[in-house]
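In what follows, a single structure is set out as structure tokens and then discussed.
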Amino acid sequence: MSSVSNRKPFNLGRWFFRTGWRHLLGLVVCVYAIFPILYILSTSLYPNNDINNTTALFTAFSPQNYIELFAQDTRPFARWYSNTVYIGLVTSIGSVFLSALAAYAFSRLRFKGRRGGLLSLILMQMFPSILGLVAVFSLLSDFGQVFPIIGLNSQLGLILVYMGGALGAGTYLMYGFFNTVPKEIDEAATIDGASHARIFFSIILRLVAPVLAVQMLLSYIGVTSDYVLASILLSDPNQLTLATGLQQFINDPYSKDWSMFAAGAVLSALPSLVLFLFLQKYITSGLTGGAVKG
């Protein structure tokens with residue numbers, strides 16, 4: 001009874017300055033983040049692309065735009081969709097594999113130039129990738145004259161360009177995570193006669209699965225949302241990705257199909273969402289684990 005009687009009466013001002021402002025700030029951030037998503041969904045459901053005189057969300061509900069996306073022969077949305085998923089998955093898996101190999105070497109092996117290599121990985125992130133567009137275009141143009149399969153307007157060529165940037169932030173992220181794995185595990189496996197390759201593929205990869213999942217997700221999102229490289233290296237309508245193909249809906253200055261563009265944007269986000277949900281249990285530990293020990 002004494003503890004109940006000693007309780008201070010609720011004071012709205014004191015509660016707000018202690019914790020209430022945090023709830024208010026969180027609510028504002030949530031609304032700020034959710035509103036663009038709601039606007040895109042609402043726009044994708046407007047029939048006949050009639051969004052100019054609309055002042056409220058979800059004033060109309062029609063699947064017309066989603067149906068027409070797959071019904072146009074001049075804009076093969078289904079082909080763009082499959083191209084994007086294919087390029088994204090192949091690139092992300094390849095990038096994760098290359099980054100893991102490099103991170104393992106930097107973490108476990110001692111060789112001349114190791115410290116300089118790590119510093120170079122950091123320095124490379126200071127320069128935007130757009131600076132190399134001319135060089136990439138020129139290289140693929142020359143390669144295409146000898147090996148057309150990896151030249152311009154080739155999905156394989158685009159994948160190789162994307163994978164060329166794998167030794168960057170992904171490697172350094174994995175390097176920090178690899179350092180959290182006790183080296184005694186490697187030493188015990190070496191005593192049993194295991195080689196570095198056997199240790200890497202049989203032991204280490206299983207222990208660092210969280211950071212592999214994080215890097216795969218980040219790589220997939222980065223590749224599938226890229227517009228600059230894909231628009232320069234791909235020109236055949238059947239080879240385009242979603243980022244470049246959807247641009248055709250709003251290229252015409254006199255008739256912009258914003259509703260169909262929004263419908264395509266909604267559908268293009270589904271693979272990333274599915275991949276995120278599939279890898280969700282690894283993401284938290286993968287992002288924080290590498291910060292424990294550098």
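For the range 10-66, place one equal point scatterer on every Cα, skip the solvent, and apply the Debye formula. What is log10 of I(q)/I(0) at q = 0.13, 0.16, 0.21 Å⁻¹?
Listed by q, the Debye log ratios stand at -0.51, -0.61, -0.77.
Using packing as a proxy for protection, rank 235-241, 224-230, 113-119 so that the peptide with the highest average count of other Cβ atoms within 10 Å comes first.
So the peptides 235-241, 224-230, 113-119, ranked by packing, come out 224-230, 235-241, 113-119.
What does the chain give for Rg and for Dmax, in Å, if only its C-alpha atoms count?
25.0, 89
Report, please, the projected area of the range 100-247 averaged over directions, based on the convex hull of its C-alpha atoms, in nm².
The Cα convex hull of the range 100-247, projected and averaged over all directions, gives 10.9 nm².
What distance in nm lies between label points placed 7 Å from Cα along the C-beta direction at Ser255 and Thr74?
0.8
Using θ = phi - 60° and the Karplus relation 6.51 cos²θ - 1.76 cosθ + 1.60, list the HN-Hα couplings for the range 108-124 in order, rounded to whole Hz, with x at every Gly or Pro.
9, 9, 10, 8, 5, x, 5, 5, x, x, 5, 5, 5, 4, 6, 5, 5
Using 0.36 nm per residue, how much length does the chain from Leu101 to Ser62 gain when fully extended, once their Cα-Cα distance is taken away?
My answer for the length gained is 9.1 nm.
Bear in mind these aren't lab numbers, they're just calculated from the coordinates by the rules spelled out. It should be emphasised that the depicted structure is a prediction, and the values quoted were computed from it without experimental measurement. All Cβ positions, glycine included, derive from the backbone under ideal geometry; neighbour counts span all protein chains shown.
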